[in-house]
Amino acid sequence: MGSVRLEGVYKKYENNIVVQDVNLNIADKEFVVLVGPSGCGKSTTLRMIAGLEEISEGKIFIDSALVNDVPPKNRDIAMVFQNYALYPHMSVFENLAFGLKMRKFSKSEIENRVNQAAEILGIKEMLGRKPKALSGGQRQRVALGRAIVRKPKVFLFDEPLSNLDANLRVQMRTEISKLHKQIETTMIYVTHDQIEAMSMGDRIVVMNKGIIQQVDTPLNIYNHPSNRFVAGFIGSPTMNFFSGTLVRNNHLTFEDDTKQFNLEIEPGMNILTDKHNAEGIILGIRPEHIAAKPQNNFAKIITVNILVTEPVGNEIFIYFSLSNNGEQFVSRIPSEINPTAGTKFNLYIDTTKLHFFHPQTGISLKN
């Protein structure tokens, strides 16, 4: 078993609260990703689970055992860091075996565990090499292997792919996901890259300013963000936000502040209307839901000023404005449609995919 539970966990440095009231349950064999911008407290949370940071308040349990005062070496966890931290004078085999030797494992057990880990990671032919003879991806595999040989209850990853190039990052994402399915051990993974989070985690924990914003599956977070921060952080390019008001006549209509467009709200959308809506509301719409052609019978046409086009292969990002106030929005359309910057262009908003947020609190107003 390798469940992890945090109850009311805080981390404070004098008057600075870095992590605030974190409550989180991670099931045995689950892959959970902590994601958020730099300085949001995700790495500090991971280090508190590892025992590398003392908690200021709260409780941390591993397999129902309180570990607040348990030293890292006795928590039955293994951690993979951003830098590989390999011993340069040792071979790959010696790097993998070092922790086991320190724990007085027998020579035969060490050889079995090292060979098993090397087989899983595809580095068996590299066991005799020194780290300087390895590529970045190979070194990261060795760092993973050093954790695997321990056979811990919980794996902790602190941005392990940050030092790799784009192609290697994609490859290693796949390797770590496959590894999780092979060894069936609890994994807690920290990253600032929302694509890593979306593609790897069973569940995602979105953090900001030391506070958990939402915990859910990747698709639920993408489709049903709990607040404006989550909506804007998850997704690339980021969600568009329009300021406006809701007007109720025969039906409910969103009117944007620039008076460039209004959208009739579908009756089934279940917006939590209240007195604040008369003062203003924030509409959110993802770039893929602003298209060059009508997506359905509920699409609403808007005429925009194209500022920049950004071809990215199979699609083009269209950066546009609605007026001369300088506010910029983005749409993603197929690459065969190639409008020209500096011209006007018709786009279609899919009104079945709208999100609404409170203008002050940022809380989602959709059921």
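The values are calculated or read from the model by the stated rules, or taken from the named source; none is laboratory data. What you are looking at is a predicted structure, and each value in this text was computed from that prediction instead of being measured. Glycine also receives a Cβ, built like all others from the backbone with ideal geometry; neighbour counts cover every protein chain displayed. Quick note on the areas: whole protein, heavy atoms, side chains included, nothing else; ligands and nucleic acids left out. Shrake-Rupley method; radii C 1.70, N 1.55, O 1.52, S 1.80 Å.
Mind checking which strands (runs of 3 or more DSSP E) fall wholly inside the range 179-234 and carry at least 3 residues that are of a type in the set (Ser, Thr, Tyr)? If you could, list the steps in order and put the result at the bottom.
On the way: elements: 186-191, 203-208, 211-216.
So the answer is 186-191.
Determine whether the range 119-134 contains at least one residue that is in contact with a Gly (Cβ under 9 Å, 6 or more places away or on another chain) and of a type in the set (Gly, Ala, Ser). Don't jump to the end; show me each part of the working.
Pass one, the range 119-134, residues in contact with a Gly (Cβ under 9 Å, 6 or more places away or on another chain): 120-121, 123.
Pick out the ones that are also of a type in the set (Gly, Ala, Ser) and you get none.
Checked against the condition, which is being in contact with a Gly (Cβ under 9 Å, 6 or more places away or on another chain) and of a type in the set (Gly, Ala, Ser), the range 119-134 yields no hits at all.
Report, by residue number, each residue of the range 232-249 that is in contact with a helix residue (DSSP H, G or I) (Cβ under 9 Å, 6 or more places away or on another chain) and either of a type in the set (S, T, N, Q) or under 23 Å from Phe320 (Cβ atoms) (or both).
Selection gives Phe233, Ile234, Gly235, Ser236, Pro237, Thr238, Met239, Asn240, Phe241, Thr245.
Listed here are the residues, each with its yes/no results for (1) within 30 Å of Glu125 (Cβ to Cβ); (2) in contact with a strand residue (DSSP E or B) (Cβ under 9 Å, 6 or more places away or on another chain); (3) touching a residue at least 12 places away in the same chain (Cβ under 8 Å).
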position: Gln20; (1), (2), (3): no, yes, yes
position: Asn25; (1), (2), (3): no, yes, yes
position: Thr45; (1), (2), (3): no, yes, yes
position: Leu66; (1), (2), (3): no, yes, no
position: Pro71; (1), (2), (3): no, no, yes
position: Asn74; (1), (2), (3): no, no, no
position: Pro88; (1), (2), (3): yes, no, yes
position: Phe98; (1), (2), (3): yes, no, yes
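Mind listing just one residue for me: the one in the range 276-293 that is modelled with pLDDT of 90 or more and not in a strand (DSSP E or B) and, of those, most open to solvent (accessible area, probe 1.4 Å)?
Taking the range 276-293 as the starting set, the residues that turn out to be modelled with pLDDT of 90 or more are 281-293.
Retained after the next criterion (residues that are not in a strand (DSSP E or B)): 286-289, 292-293.
On the way: Arg286: 3, Pro287: 0, Glu288: 60, His289: 39, Ala292: 19, Lys293: 136 Å².
Among those that are modelled with pLDDT of 90 or more and not in a strand (DSSP E or B), it is Lys293.
Residue by residue through the range 307-353, note down the ones that are assigned to a strand (DSSP E or B) and either acidic (Asp, Glu) or touching a Gly at 6+ places or on another chain (Cβ under 6 Å) (or both).
So in the range 307-353, the residues assigned to a strand (DSSP E or B) come out as 307-311, 315-321, 329-334, 344-350.
Hits for the range 307-353 are Glu310, Glu315, Asp350.
Within the range 1-31, restricting attention to residues that are aromatic (Phe, Trp, Tyr) and over 22 Å from Thr185 (Cβ atoms), which residue is modelled with the lowest pLDDT?
In this case the residue turns out to be Tyr13.
List, please: which pairs have Cβ atoms under 9 Å, are six or more places apart or on different chains, and start with a residue in the range 176-199 that is touching a residue at least 60 places away in the same chain (Cβ under 8 Å) and within 18 Å of Ala147 (Cβ to Cβ) and end with one that is of a type in the set (S, T, N, Q) and open to solvent by 20 Å² or more (accessible area, probe 1.4 Å)?
From the range 176-199, the pairs are Ser177/Ser199; Thr186/Ser3; Val190/Ser43; Thr191/Ser162.
Which condition does Asn68 not pass, out of (1) closer than 27 Å to Ser199 by Cα; (2) of a type outside the set (A, V, I, L, M, F, W, C); (3) at pLDDT 95 or above, if it passes all the others?
(1)
Quick check on the range 76-84. Is at least one of its residues buried (at least 21 other Cβ atoms within 10 Å of the Cβ), over 21 Å from Val142 (Cβ atoms) and in contact with a strand residue (DSSP E or B) (Cβ under 8 Å, 6 or more places away or on another chain)?
Narrowing the range 76-84 to residues buried (at least 21 other Cβ atoms within 10 Å of the Cβ): 77-80.
Narrowing the set further to residues that are over 21 Å from Val142 (Cβ atoms) leaves none.
There is no residue in the range 76-84 that is buried (at least 21 other Cβ atoms within 10 Å of the Cβ), over 21 Å from Val142 (Cβ atoms) and in contact with a strand residue (DSSP E or B) (Cβ under 8 Å, 6 or more places away or on another chain).
Can you name the residue in the range 37-75 that is open to solvent by 60 Å² or more (accessible area, probe 1.4 Å) and either polar (S, T, N, Q) or within 22 Å of the chain's Cα centre (by Cα) (or both) and is also farthest from Val206 (Cα to Cα) among such residues?
Keep residues of the range 37-75 that are open to solvent by 60 Å² or more (accessible area, probe 1.4 Å), which gives 38-39, 47, 52, 54, 57, 59, 64, 66, 69, 73-74.
Now drop any that are not either polar (S, T, N, Q) or within 22 Å of the chain's Cα centre (by Cα) (or both), which leaves 38-39, 47, 64, 74.
Details: Ser38: 12, Gly39: 13, Arg47: 17, Ser64: 24, Asn74: 29 Å.
By that ranking, first place goes to Asn74.
Residue by residue through the range 102-141, note down the ones that are open to solvent by 70 Å² or more (accessible area, probe 1.4 Å), more than 18 Å from Ile176 (Cβ to Cβ), part of a helix (DSSP H, G or I) and touching a residue at least 40 places away in the same chain (Cβ under 8 Å).
The one that is open to solvent by 70 Å² or more (accessible area, probe 1.4 Å), more than 18 Å from Ile176 (Cβ to Cβ), part of a helix (DSSP H, G or I) and touching a residue at least 40 places away in the same chain (Cβ under 8 Å): Lys132.
Within the range 216-270, count every residue that is open to solvent by less than 20 Å² (accessible area, probe 1.4 Å) and of a type in the set (D, E, K, R).
1
Hey, any hits in the range 169-189 for a residue that's at pLDDT below 95, touching a Leu at 6+ places or on another chain (Cβ under 6 Å), open to solvent by 20 Å² or more (accessible area, probe 1.4 Å) and of a type in the set (D, E, K, R)?
yes
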